[in-house]
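Here's the structure, in structure tokens; my notes come after.
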Amino acid sequence: MIDYRRLRVALLGAGAVGSQVAGLLLKHRAELADRAGADLELVGIAVRDTTAPRDVELPQELFTTDAESLILGADIVIELMGGIEPARSNILQAINSGADIVTANKALLATHGPEIFDAADQVGASVYYEAAAAGAIPIIRPLRDSLAGDRVNRIMGIVNGTTNYILDRMDTEGADFGDVLKQAQDLGYAEADPTADIEAYDAAQKAAILASLAFHTTVPLEAVHREGITSIDAAMIESARKAGMVIKLLAVCERLAGTDDEGESISVRVYPALIHRSHPLASVHGANNAVFVEAEAAGSLMFYGAGAGGVQTASAVLGDVVSAARRHVAGGVGVGESTRANLPIVPIGRVTTRYHITLEVTDEAGVLATVASILSEGGVSVATVEQTVEPGDGTARLVIGTHTAQESDLSSTVEALAASAVVRRVVSVLRVEGD
């Protein structure tokens, strides 16, 4: 039997993911030692309540409420508490004590990532966060390492399982938003307060992380344009189906070409969008996630799998633990984050794409001509028009597909449509992605 060097591993948090990580560390200790070249000893688990029930049966003597003492004695600290504080303070303390960090905390990295990475650079530590962007899907390492020599031009991702489950059920079964949300909560896909998911805060945090890696640029969370899915209804789903498309909540991270006056820039945005059913992302069903990467040399790459779940996410966490252990065995300083490109991040108004605009209009002669005139004056060219007359109430529904237009032009045009006497209501404006 090989006498491996012993590395002390501290775990902060024992929820759905943390308890699975602890169980697998203990169960596969010998196997992990062979892979890492070091014996990974779980020395303790810091929690708020040491007597709370856990998803996995774990030795009671491992639990403690004294996170500080646990951190100061560890070589590798796994942070799975979530939230900003005390996670931020605990991680900074661990880094300053010389430990490497493994975390799945997307909210913390999206808001305090530069601070944490800078602290790690100062002492030569490493921060690993494969589980922070897409659960079990390996996407952080491909972006940070495998594609480091390539040029990523665009990322489109379904990075929130709850919203994908809701939109998928609405599409495949014709279910209403509220009913499917309740089902998602009953199945554990959505929290009692689903705001972070359905209003796209969770997806925006992940988009900031992915864009920072892909474009070697620090992307603050406030620079990510965010729209949730609460306005999506059955009529919009049906209209998309008729057009051969499906609605998905997409995180879009895009490199924008420069002009004679300005250099390259990037756009980072999250919103419900239409994609053609032939696109690989259209076939992502249930609570699964997928990330579609377009790179200059590698071409199109698809990463697909479980975006959440305790044991699934634990797989990504343990992969990071093994990487951290190998670094300790090999020695040397940790590899910092590459954010030296410093590309400017443009607002949503600079984005160019196609749109589907759904209007409720008065059912009378001349309405189409009036709507077409408003679109033309706004610099928005019409590609398709679908009209449905609502029986008995004197209204019709128009679904207008546009050619490529700039968001700022489209926005002002929609305002003009809303103010028109022939338009009773702007039902929705959806972008078309993936063309």
**Asked** Which value in Å does the Kirkwood hydrodynamic radius of region 25-166 take, with 1/r averaged over all unlike C-alpha pairs and then inverted?
**Response** 17.1 Å
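Order 244-250, 308-314 from most to least packed using the mean count of other Cβ atoms within 10 Å.
Numbers: 244-250: 22.7, 308-314: 20.4.
The packing order, highest mean first, is 244-250, 308-314.
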**Item:** region 309-435, accessible surface, carbon-and-sulfur percent (1.4 angstrom probe)
**Value:** 51 percent
**Message:** Keeping all protein chains in the complex and leaving out DNA, RNA and ligands, what accessible area do you get for His225 with a 1.4 Å probe, in Å² to the nearest 10?
**Reply:** 50 Å²
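Cα-Cα pairs above 37 Å in the chain: how many percent?
On the way: 29635 of 94395 pairs.
So the portion of pairs separated by more than 37 Å is 31 percent.
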**Asked** Considering region 71-130, what Rg and Dmax in Å follow from its alpha-carbon atoms?
**Response** 10.0, 28
**Prompt:** If you put +1 on each Lys and Arg Cβ and -1 on each Asp and Glu Cβ, how big is the dipole of region 306-435 around its Cα centre, in Debye rounded to 20?
**Reply:** 800 debye
**Request:** For every helix of n ≥ 4 consecutive DSSP H residues, a contribution of -39,500 (n - 2.57) applies; sum these over the chain, divide by its total residues, and give [θ] at 222 nm rounded to the nearest 500 deg cm²/dmol.
**Result:** -10500 deg cm²/dmol
**Asked** Mind listing the phi-derived Karplus ³J(HN,Hα) values for region 39-48, rounded to whole Hz, using 6.51, -1.76 and 1.60 with θ = phi - 60°, and x for any glycine or proline?
**Response** 7, 9, 9, 6, 8, x, 10, 8, 9, 6
**Fill in**
Heavy-atom accessible area with a 1.4 angstrom probe orders Thr217, Thr64, most exposed first, as Thr64, Thr217
**Prompt:** For region 141-212, which whole percent of the accessible surface, found with a 1.4 angstrom probe, sits on carbon and sulfur atoms?
**Reply:** 45 percent
**Estimated vicinal HN-Hα couplings, Hz - region 359-367 in sequence order (Karplus 6.51, -1.76, 1.60; Gly, Pro = x)** = 10, 9, 10, 6, 8, 8, 5, x, 5
**Prompt:** At what distance in angstrom do the alpha carbon centres of region 255-293 and region 7-23 lie from each other?
**Reply:** 34 Å
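Cβ neighbours within 10 Å, averaged per peptide: list 198-211, 12-25 in order, most packed at the top.
Details: 198-211: 25.6, 12-25: 23.6.
Per-residue mean Cβ counts within 10 Å order the peptides as 198-211, 12-25.
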**Message:** List the residues, sorted by chain then number, that are 5 or more residues from Arg424 or on another chain and whose placed amide H is less than 5 Å from its amide H.
**Reply:** Glu360, Val361, Thr362
**Prompt:** How many lysine pairs does the chain hold where the Cα atoms are under 30 Å apart and the two sit 8 or more places apart or on different chains?
**Reply:** 8
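Tell me the per residue accessible area of region 313-435 using a 1.4 Å probe; a whole number in Å² is fine. Please list the in-between numbers first.
Numbers: 5720 Å² over 123 residues.
About 46 Å² of surface per residue is accessible.
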**Karplus-derived HN-Hα couplings along region 202-214 (A = 6.51, B = -1.76, C = 1.60, θ = phi - 60°), whole Hz, x at Gly and Pro** = 4, 5, 5, 4, 5, 4, 4, 5, 5, 5, 4, 6, 5
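In percent, what relative contact order does region 60-110 have, based on Cα pairs under 8 Å that are 6 or more apart in sequence?
On the way: 54 pairs, mean separation 20.9, N = 51.
Result for region 60-110 is 41 percent.
Restricting to Cα pairs below 8 Å that are 6+ residues apart, what does the relative contact order work out to for the chain? Please round to a whole percent. Could the numbers behind the result be given before it?
Working: 936 pairs, mean separation 71.2, N = 435.
This gives 16 percent for the chain.
What order, most packed first, do the peptides 227-233, 191-197 have when packing is the mean number of other Cβ atoms within 10 Å of each residue? Could the numbers behind the result be given before it?
On the way: 227-233: 18.3, 191-197: 14.6.
Top to bottom by mean Cβ count within 10 Å: 227-233, 191-197.
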**Asked** Percent relative contact order of region 74-231, based on C-alpha pairs within less than 8 angstrom and at least six residues apart?
**Response** 20 percent
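The values are calculated or read from the model by the stated rules, or taken from the named source; none is laboratory data. Just so you know, these numbers come straight off a predicted model, no measurement behind them. Please note: Cβ atoms are built from the backbone with ideal geometry, for glycine as well, and neighbour counts cover all protein chains shown. With ligands, DNA and RNA removed, areas are computed over all heavy atoms of the protein, side chains included. Shrake-Rupley method; radii C 1.70, N 1.55, O 1.52, S 1.80 Å.
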